[in-house]
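**Student:** Submitted below is the structure of interest, expressed as structure tokens.
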Amino acid sequence: MLGLGIVVRAVTGNGLAGALGHLLPGGVTLPSLLGIAGLAAVLANVINNLPAVLVLLPLAVPAGPGAVLAVLLGVNVGPNLTYAGSLATMLWRRIARDHETSIDLGEFTRLGLLTVPAALFLAVLALWASLHAIGG
């Protein structure tokens, strides 16, 4: 984990943080929270969810707890779109293969495309409603 932190720090310190900082919406409006969670989901699928957390959380903290929670939703729900989105999915695939069970990439991707956007939208909607109910 220390090595991952060092690599992420090097990459963010050399331009990634600045580029993502311009893309990360601010505020706790529903569109902002959806944008934050969506960006986190995309980044988790591109670079994996663990480095995505390390990259995005420092950028989200100044926007408050709602933005941090939207990042966490994005990096936990979003990676289900691809096999490489999270370490847990890659480990799950390896265990299934070790037990001679094949997982069809096409079916996995179709199910991800059907469920992830809806689950992420509903989770962010619940977050937004909760923030408004408790005054966050």
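The values are calculated or read from the model by the stated rules, or taken from the named source; none is laboratory data. Predicted model, so just to flag it, every value in this text is computed and none were measured. Backbone-built Cβ (ideal geometry, glycine too); neighbour counts: all protein chains shown. Ligands, DNA and RNA are stripped out before the accessible areas are found, and what is left, the full protein with its side chains, is counted by its heavy atoms. Shrake-Rupley method; radii C 1.70, N 1.55, O 1.52, S 1.80 Å.
**Student:** Could you tell me whether any residue of segment 109-116 is basic (Lys, Arg), in a helix (DSSP H, G or I), open to solvent by 70 Å² or more (accessible area, probe 1.4 Å) and at pLDDT 85 or above?
**Tutor:** yes
**Student:** Exactly one of (1) among the small types (Gly, Ala, Ser); (2) closer than 17 Å to GLY27 by Cβ; (3) crowded, with 20+ Cβ neighbours inside 10 Å is unmet by ALA52. Its number?
**Tutor:** Every listed condition holds for ALA52 apart from (2).
**Student:** Let me ask something else. Suppose we keep only residues that are open to solvent by less than 60 Å² (accessible area, probe 1.4 Å) and not small (Gly, Ala, Ser) within segment 126-136. Which one would you say is farthest from LEU33 (Cα to Cα)?
**Tutor:** Only one residue fits best here, namely LEU131.
**Student:** Considering only residues of segment 8-32 that are part of a helix (DSSP H, G or I) and closer than 14 Å to VAL75 by Cβ, which is modelled with the lowest pLDDT?
**Tutor:** Restricting to residues being part of a helix (DSSP H, G or I) and closer than 14 Å to VAL75 by Cβ, the top hit is VAL8.
**Student:** Out of the residues in segment 72-100 meeting the condition of being of a type in the set (S, T, N, Q) and open to solvent by less than 80 Å² (accessible area, probe 1.4 Å), tell me which one is farthest from ALA44 (Cα to Cα).
**Tutor:** Among those that are of a type in the set (S, T, N, Q) and open to solvent by less than 80 Å² (accessible area, probe 1.4 Å), it is THR89.
**Student:** Can I ask one more? For segment 55-71, what are the residues that are buried (at least 19 other Cβ atoms within 10 Å of the Cβ) and either in contact with a His (Cβ under 8 Å, 6 or more places away or on another chain) or of a type in the set (A, V, I, L, M) (or both)?
**Tutor:** If the condition is that a residue be buried (at least 19 other Cβ atoms within 10 Å of the Cβ) and either in contact with a His (Cβ under 8 Å, 6 or more places away or on another chain) or of a type in the set (A, V, I, L, M) (or both), then VAL55, LEU56, LEU59, ALA60, ALA63, ALA67, LEU69, ALA70, VAL71 are the ones that fit.
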